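Bear in mind these aren't lab numbers, they're just calculated from the coordinates by the rules spelled out. Every value quoted in this text rests on a predicted model; they were computed, and no experiment measured them. Quick reminder, even Gly has a Cβ in these numbers, built from the backbone with ideal geometry, and neighbours come from all protein chains shown.
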Amino acid sequence: GVGLSDASPDEGVVEDLPLVDEKAVEQLTEGLISHYLPDLQRSKSALQELTQNQVVLLETLEQEISKFKECNSIVDINALFSEAKHYHNKLVNIRNEMMMLHEKTSKLKVSGIN
């Protein structure tokens, strides 16, 4: 018998072209599409689902980032309050010292007059 390797794969293609049946081409195309289309549609839906999941993930990450920012601002506010308390204590101490000095000077004035 004649082996398949004896003939060139392209041999006779040009001569066969005019004999190609339009209906056969259409049926072959439909067959090819019907063979690959389900896989492509599954891939498309899988990619859509993946994209939706990524959108949800990004939104969740943005929420978490904003929570961290809030936590940092709370830490800053706490530091500000502790600093304010520190300076308030200093002011109270200065006020007490001034009252004490005022008392001493008042006593000195009174004792100085007598």
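Structural remarks
- For region 71-113, a simple Cβ point-charge model (Lys and Arg +1, Asp and Glu -1, everything else neutral) yields a dipole of about 320 debye relative to the Cα centre.
- Eigen-decomposition of the gyration tensor built on the alpha-carbon atoms of region 26-69 gives equivalent ellipsoid semi-axes of 42, 5, 4 angstrom, largest listed first.
- The stretch between Ser82 and His35, if pulled fully straight at 0.36 nm per residue, gains 9.7 nm over its current Cα-Cα span.
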